[in-house]
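The values are calculated or read from the model by the stated rules, or taken from the named source; none is laboratory data. Worth saying up front: this structure is predicted, and the values here are computed from it rather than measured. Using ideal geometry, Cβ is built from the backbone for each residue, glycine included, and neighbour counts are taken over all protein chains shown. Areas reflect the complete protein model, heavy atoms only, side chains present, ligands, DNA and RNA absent. Shrake-Rupley method; radii C 1.70, N 1.55, O 1.52, S 1.80 Å.
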Amino acid sequence: MSTTERVQQILSWYASETPGTRTQLFRLLNSGALAGTGKLVILPVDQGFEHGPVRSFAPNPPAHDPLYHFKLALDAGCNAYAAPLGFLEAGAAEFAGQIPLILKLNNSDTLSKGEPCSAVTGSVEDALRLGCVAIGYTIYPGSELRNRMYEDLRELTLEAKRKGLAVVVWSYPRGSGISKDGETGIDIAAYAAHIACELGAHIVKIKPPTAFIEQAEAKKAIEKAKIPIETLSDRARYCSQAAFGGRRILIFSGGPAKGTDEVVSEIRQLHTGGSFGSIVGRNAFQRSRDDGLALLKQIIGVYKS
Ligand code: FBP
């Protein structure tokens with residue numbers, strides 16, 4: 001497979017990694033309709049675990065079937081498909097080699113209260129057995145239990161890198177340490193992106209940040225440095241800067257289902273802000289297959305432009 005200067009440039013930022021891990025990053029960047037552009041659109045389907053099947057799949061019943069998502073990601077031209085162990089096991093053999101897979105190694109449900117902390121629900125060995133390019137892992141900065149998640153991730157990252165896999169981290173601030181608005185506030189979003197990079201992630205995923213600022217000290221620093229945060233493009237740009245000056249792949253999540261115009265407008269702003277891409281789940285699979293496919297293709301089109 002040929003490569004592009006952009007992909008080579010991105011890979012050069014991961015020079016400390018083994019050829020195995022760099023090969024997996026190469027595969028991610030050279031798959032689907034965005035191959036070679038340095039941009040990524042990924043379909044994540046862990047919402048059945050995270051929010052329950054009713055909230056996740058009732059809006060589009062065929063989405064209860066794990067194979068639906070492999071096909072959706074493939075037909076749309078996504079770079080990869082990410083899911084927990086069960087969903088991947090259900091289709092990994094049938095779709096072997098057709099689309100890069102990311103095994104989401106920890107997950108949580110909405111069936112208890114208390115400080116957020118995901119359970120480790122898969123292993124690096126599972127990821128290798130299923131032919132995945134990467135492991136995925138969620139951290140909740142802001143939770144009292146964050147250190148346990150950081151420490152578990154440290155071990156999994158070491159093993160994944162040793163065995164030639166890439167590491168994708170969902171960095172979702174939440175828990176008693178921060179307010180509800182703070183979960184997506186610009187200072188916290190940038191902080192979450194940076195923590196994930198420091199933990200050794202190759203690809204980091206955060207939610208699109210708002211102009212809210214959680215920490216008084218951060219507010220002063222933003223004002224003093226005159227960091228523009230008015231538009232989503234401004235904020236995406238700053239978050240990329242927080243991710244090692246743009247030397248780590250930072251992508252943004254899609255959020256709850258909303259209208260097509262709203263989704264596409266948000267993606268355009270992220271793209272203008274220099275985003276490496278998006279990871280869009282509910283907005284894709286909670287629409288009918290035709291509509292979900294069309295939306296994913298439109299999103300990919302924005303990143304291609
Ligand atoms: P969505 O596009 O559906 O938001 O998917 C992205 C994602 O990161 C999923 O992987 C995850 O299940 C979900 O968001 C978590 O959403 P929330 O933080 O609202 O529970």
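Pull out a ≥ b ≥ c, the square roots of the eigenvalues of the alpha-carbon gyration tensor of the chain, then state rounded if a/c is under 1.5, prolate if not and a/b is larger than b/c, and oblate in the remaining case. Judged from the Cα gyration tensor, the chain comes out rounded (a/c under 1.5). Using θ = phi - 60° in the Karplus curve 6.51 cos²θ - 1.76 cosθ + 1.60, the 3J(HN,Hα) couplings for the stretch 49-63 round to 6, 6, 10, x, x, 5, 4, 7, 10, 4, x, 8, x, x, 6 Hz; x is entered for Gly and Pro.
Within the chain, which is the longest segment that contains none of the GluC sites (Glu not before Pro) sitting in a DSSP loop with at most 11 other Cβ atoms within 10 Å? By the stated rule (loop sites, at most 11 other Cβ atoms within 10 Å), 95-229. Averaging the Cα positions of each part gives two centres, and for the stretch 244-262 and the stretch 5-23 these lie 23 Å apart. For ASN106, the residues 5 or more places off, or on other chains, whose built amide H falls under 5 Å of its own are THR121, THR138.
Remark on THR210: its backbone amide H falls under 5 Å from those of GLY185, ILE186, a criterion applied only to residues 5 or more positions apart or on other chains, H modelled at 1.01 Å from N. Over the residues of the chain, the helix contribution to mean residue ellipticity at 222 nm works out to -13000 deg cm²/dmol, using -39500 (n - 2.57) for each DSSP H run of at least 4. Considering only alpha-carbon pairs that sit under 8 angstrom and 6 or more positions apart, the relative contact order computed for the stretch 2-146 is 21 percent. With the cut-off at 28 Å, tell me which of the pairs LYS161/LYS219; LYS39/LYS258; LYS113/LYS205; LYS163/LYS258; LYS161/LYS226 have Cα atoms farther apart than that. Violating the 28 Å Cα-Cα cut-off are LYS161/LYS219; LYS163/LYS258; LYS161/LYS226.
Heavy-atom accessible area with a 1.4 Å probe sorts HIS202, HIS194, largest first, into HIS194, HIS202.
Summarising the amide proton neighbourhood of ILE249: residues at separation of 5 or more, or on other chains, whose placed amide H is nearer than 5 Å comprise VAL204.
3J(HN,Hα) couplings calculated from phi for the stretch 202-213 with the Karplus curve 6.51 cos²θ - 1.76 cosθ + 1.60 (θ = phi - 60°) are, in sequence order, 8, 10, 10, 10, 10, 7, x, x, 9, 7, 5, 10 Hz; Gly and Pro show x.
The trypsin sites (Lys or Arg not before Pro) of the stretch 132-212 that DSSP puts in a loop, and whose beta carbon has at most 11 other beta carbons within 10 Å, are LYS180.
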